[in-house]
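Below is one structure, written out as structure tokens, with a few remarks after it.
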Amino acid sequence: MKKQKGFTLLEIMVVVVIMGLLASVVATNVMGSKEEASIQKAQIDIKSLDEALEMYKLDNHKYPTTEQGLDALVNKPTSSPEPKNYRSGGYIKDLPLDPWDNDYVYIYPGVHNNRGFDIYSMGPDGEPETDDDIGNWKDKDRK
């Protein structure tokens, strides 16, 4: 009698279960990393916008108004107060969206930030003034 070579159904089932367990562990780690990466991207964007606003203020002696918004970093404002020393080409190339495809919020004078203005992302829930907001007043490195 010839013995057939191959795997039994039980062996195949064990391998499938092990692969499923490994896939679930990897998936949960990747999902957590994506959320953390999104938060870090928002923090980096906010820091870049913050620096561009500081350059705007250095040139024009004041920050843009809330009504002029962050668009003042890309396009010269035409509403009062018009900047007198606006840089040719603006202060940034494009306004970024936050990682959840929402606009960053700019408020001047700031409500939360004692330095003058608030910039924040409404976070994953897209709702303002909630615990998941990511703002320049929450940056621990600020003085």
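The values are calculated or read from the model by the stated rules, or taken from the named source; none is laboratory data. In this text the structure is predicted, and so the values were computed from the model without any measurement. Here the Cβ positions follow ideal geometry from the backbone for every residue, glycine too, while neighbour counts run over all protein chains shown. Quick note on the areas: whole protein, heavy atoms, side chains included, nothing else; ligands and nucleic acids left out. Shrake-Rupley method; radii C 1.70, N 1.55, O 1.52, S 1.80 Å.
Exactly one residue out of 135, 116, 90 is on the phi < 0 side of the Ramachandran plot and among the small types (Gly, Ala, Ser), and it is 135. Does any residue of segment 103-119 turn out to be without any contact (Cβ under 8 Å) to a residue 60 or more places away in the chain, closer than 16 Å to residue 54 by Cα and of a type in the set (A, V, I, L, M, F, W, C)? Yes: one or more hits. Can we say residue 89 is farther than 30 Å from residue 34 by Cβ and either free of Cβ contacts under 8 Å to residues at least 12 places away in the same chain or outside any loop (DSSP other than H, G, I, E, B) (or both)? For residue 89, the condition - farther than 30 Å from residue 34 by Cβ and either free of Cβ contacts under 8 Å to residues at least 12 places away in the same chain or outside any loop (DSSP other than H, G, I, E, B) (or both) - is met.
The single condition among (1) open to solvent by less than 80 Å² (accessible area, probe 1.4 Å); (2) modelled with pLDDT under 90 that residue 48 does not satisfy is (2). Quick one: in segment 11-45, which of the residues that are at pLDDT 90 or above and among the polar types (S, T, N, Q) is nearest to residue 115 (Cα to Cα)? The residue in question is 43. Among the conditions (1) out of contact with any Pro (no Cβ under 8 Å at 6 or more places or on another chain); (2) on the phi < 0 side of the Ramachandran plot; (3) exposed (fewer than 13 other Cβ atoms within 10 Å of the Cβ); (4) at pLDDT 90 or above, residue 61 misses just one, which is (2).
Put simply, of 48, 38 the only residue that is more than 22 Å from residue 125 (Cα to Cα) and small (Gly, Ala, Ser) is 48.
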